[in-house]
Amino acid sequence: MVPWRATEGGEVSQDVIDWYTRFAEGKPGAIVVEATGIQDVPSGPLLRIGHDRFLPGLKALTQAVKVASEGHTRLYIQLIDFLQIKRRPSADTFIDRFLPISDELRNRLGALGKDDEQVKAQLKQLSVDELEVLLTPRDFESMTRGFRERVTDTHLPHIAELPERLPPLFAQAALRAEEAGFDGVELHYAHAYTMASFLSALNTRSDGFGGSRANRVRLPINVFEAVRSAVSDQFIVGCRMLSDECITDGSGQEDARWFAQEFARAGMDFISLSRGGKFEDAKEPKVGEAIYPYTGQSGYECMPQIISDEAGPFGRNEAASISLRSHLRGLELETPIIVAGGIHSFEQAERILKQEIGDFAALARQALADPDWFEKVRSGKGSQVRICEYTNYCEGLDQKHKMVTCQLWDREDLETDSLRLTPDGKRRTTAPKWVSNSAQASGQKT
């Protein structure tokens with residue numbers, strides 16, 4: 001999830017530095033900084049890396065993490081591209097401003113000979129069910145879910161040009177990341193972002209970048225190769241991809257195994273696995289809100305919560321991870337696999353490694369609940385870990401583009417002097433500091 005702490009211009013803020021510094025104090029092996037936009041386009045408080053003006057803030061961030069972790073933690077940054085999404089309009093607004101009035105629509109409506117304004121007036125008298133019959137599926141979706149660009153919209157020049165434009169943009173972003181002091185990048189090829197859409201079985205582009213698996217993987221490979229060529233040999237370049245899209249007619253585990261083998265053969269330094277998180281099955285947003293890709297079943301598969309089905313919220317990606325990793329090892333490809341999804345305990349993480357489900361275990365919501373998880377477990381203080389309750393309180397904040405915090409700590413000690421609070425003044429922005437028993441004895445904080 002995006003923690004929404006950057007400035008409105010996409011620069012690193014003090015809140016961003018505080019956020020990652022707090023995680024670094026727990027000394028995890030690595031931190032992956034949030035989804036960061038590679039294009040220099042306005043995108044609100046989403047972190048960006050699409051211009052050299054972002055470098056000073058990014059350098060301050062990497063330095064702060066290295067100091068806080070005492071050099072223990074490696075720092076990566078997640079690079080994303082995304083297509084345009086608009087908020088859902090009211091039906092009348094959509095009809096007045098966005099609906100193309102074609103002769104085909106006039107014919108279906110029985111309004112041949114009427115001018116555009118007369119047609120619009122007639123349409124506004126109809127029910128949603130009647131409009132669903134009359135409008136094209138894409139127009140009806142734009143009315144009820146908000147307009148969303150797709151990689152298959154090749155009639156739009158900027159969409160048609162993505163295969164030429166994206167590799168250098170990713171490469172330039174990665175080069176900035178290395179200059180800023182990051183140890184590597186994670187190319188985001190998962191969920192509802194542009195690169196995941198190129199990999200999807202729903203990608204039917206006819207220009208050599210859609211249709212067959214070989215065509216769908218072509219741009220992601222081109223992006224990786226451009227990035228690899230731009231940065232030094234010591235700089236790590238991996239990707240995050242889906243083990244399963246978890247949507248009707250989407251890419252499944254067989255596709256994922258094939259994509260992973262191609263990424264491994266191309267030289268990816270790691271592959272981080274997620275699942276789901278797509279727009280296609282997301283819930284219909286309210287008027288004035290944008291669709292959120294973690295509200296349908298695929299979103300649940302990505303971020304399962306404690307109120308669950310029979311499979312439960314933990315380890316939902318493990319079976320797919322085993323299958324994908326075994327496939328690579330059978331081809332003598334040793335690319336490390338990172339497994340994530342509902343991991344909260346040392347026993348879970350250790351089992352993933354011992355049973356060769358994956359080569360690394362990644363925590364997100366649990367790390368948010370307790371940034372000191374790693375240090376507590378490492379020092380034998382596992383009983384002191386603050387356990388995530390998987391209510392997805394944090395996800396709800398992300399959905400509203402509010403600063404993400406954890407309900408297990410965001411109301412604690414609010415009266416503390418100099419404590420940074422969220423804009424509404426009701427929540428602290430970082431978890432309280434942990435004081436170990438040994439530190440208490442010496443009067444020092446860890």
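What follows is calculated from the coordinates using simple rules that are stated; it is not laboratory data. Fair warning: this is a prediction, and the values are worked out from it, not measured in the lab. Using ideal geometry, Cβ is built from the backbone for each residue, glycine included, and neighbour counts are taken over all protein chains shown.
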**Asked** Cα to Cα, under 18 Å, and not fewer than 8 places away if on the same chain: which lysines meet these conditions relative to K114?
**Response** K124
**Message:** For a protection proxy built on the mean count of beta-carbon atoms within 10 angstrom, sort 227-234, 200-207 highest first, please.
**Reply:** 200-207, 227-234
**Request:** Answer with a single label: of (i) 34, 30, 21; (ii) 47, 39, 20; (iii) 39, 26, 22, which was calculated as semi-axes √(5λ) of the Cα gyration tensor in Å from the structure in view?
**Result:** (iii)
**Complete:** Here the FRET efficiency for S418 versus Q84, based on Cβ atoms and R0 = 51 Å and rounded to 0.05, is 0.80
**Message:** Taking the square root of 5 times each eigenvalue of the Cα gyration tensor, what semi-axes in Å does the equivalent ellipsoid of the range 154-219 have, largest first?
**Reply:** 25, 14, 9
**Fill in**
So, over other residues within a Cβ distance under 10 Å of A256, counting Lys, Arg +1 and Asp, Glu -1, the net charge is -2
**Asked** Local charge sum around W19 (other residues, Cβ-Cβ under 12 Å, Lys/Arg +1, Asp/Glu -1)?
**Response** 0
**Fill in**
Projected onto the charge dipole of the range 5-85 (unit charges on the beta-carbon of Lys, Arg, Asp and Glu, signs +1, +1, -1, -1), the Cα from V12, S69, P42 with the largest positive-side position is that of S69
**Fill in**
Too long for a 24 Å Cα-Cα cut-off, among K66/K426; K27/K59; K66/K402; K286/K400, are K66/K426; K66/K402
**Prompt:** For the range 312-446, what is the charge dipole size about the Cα centre, in debye to the nearest 20, if Lys and Arg each add +1 at the Cβ and Asp and Glu each add -1 at the Cβ?
**Reply:** 200
**Request:** Starting from the coordinates of the alpha-carbon atoms of the range 166-279, obtain the Kirkwood hydrodynamic radius over all distinct pairs and give the value in Å to one decimal.
**Result:** 14.1
**Request:** Could you tell me what % of all Cα pairs in the range 1-104 have separations over 18 Å?
**Result:** 55
**Prompt:** According to a simple spin-label model (label point 7 Å from Cα along Cα-to-Cβ), what is the distance in nm between Q122 and T204?
**Reply:** 2.9
**Complete:** Computed for the chain: size of charge dipole around the Cα centre, +1 on C-beta of each Lys and Arg, -1 on C-beta of each Asp and Glu, debye to nearest 20, value 660
**Request:** Can you list which of the GluC sites (Glu not before Pro) found in the range 1-70 are DSSP loop residues with at most 10 other C-beta atoms within 10 Å?
**Result:** E70
**Message:** Checking the a/c ratio against 1.5 first, then a/b against b/c, what shape does the Cα gyration tensor give for the range 278-410?
**Reply:** oblate
**Request:** Round to the nearest 10 and give me the degree value, 0 to 90, for the angle of helix 162-180's Cα axis relative to the longest principal axis of the chain.
**Result:** 20
**Per DSSP, loop GluC sites (Glu not before Pro) in the range 83-177 with at most 13 further Cβ within 10 Å** = E161
**Message:** Counting other C-beta atoms within 10 Å, and keeping those with at most 16, which DSSP coil GluC sites (Glu not before Pro) do you find in the range 316-412?
**Reply:** E332, E334, E356, E389, E412
**Message:** Taking R0 as 41 Å, what FRET efficiency do you get between E334 and E179 from their Cβ-Cβ distance, rounded to the nearest 0.05?
**Reply:** 0.90
**Item:** the chain, relative contact order [Cα under 8 Å, separation at least 6], %
**Value:** 14
